[in-house]
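*Asks:* One structure, pasted below without further comment.
Just so you know, all these numbers are worked out from the coordinates, no wet-lab data involved. Everything numeric in this text was worked out from a predicted model, so none of it was measured. Cβ coordinates were reconstructed from backbone atoms using ideal geometry, including for glycine residues, and neighbour counts include every protein chain displayed.
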Amino acid sequence: MKDPRTKARAIRSPRGARTMEIDWADGHTGILPHRVLRGFCPCAGCQGHSGAIKFLPPSDLQLELEEIDPVGNYALCLKWFDGHASGLYSYAYLRSLCHCDLCRPEGEADEGQEIPRL
């Protein structure tokens, strides 16, 4: 059985928004600022092939999503308006990036912050 913490029920990021919301099967609503999603893009073009993922501060032009496409039952492919679309964000990885008040009370990520690959 799939872990309800990583099973997305609904995903929202309306045109012009700067935040994505994910309703998880365990009842939690994840808050994912676009700045965090783009800054922690897991693709090799952004991160290379190292073990950790570093936060790379995005510009304002890199923060609007054009498309959100599911990849099987395990990930999302995010296509940004600047054409960048090579990062696959697993549901476990997205859950770890949650910036709601409960999950990340200290606020948003800072430049140079690192997180492990999931």
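*Asks:* Filter the strands (runs of 3 or more DSSP E) completely within region 4-95 down to those with at least 1 residues that are of a type in the set (Val, Ile, Thr).
*Replies:* Answer list for region 4-95: 8-12, 19-24, 29-33, 52-54, 65-71.
*Asks:* Consider region 20-59. How many of its residues are among the β-branched types (Val, Ile, Thr), surrounded by fewer than 19 Cβ atoms within 10 Å (Cβ to Cβ) and in contact with a Lys or Arg (Cβ under 9 Å, 6 or more places away or on another chain)?
*Replies:* 1
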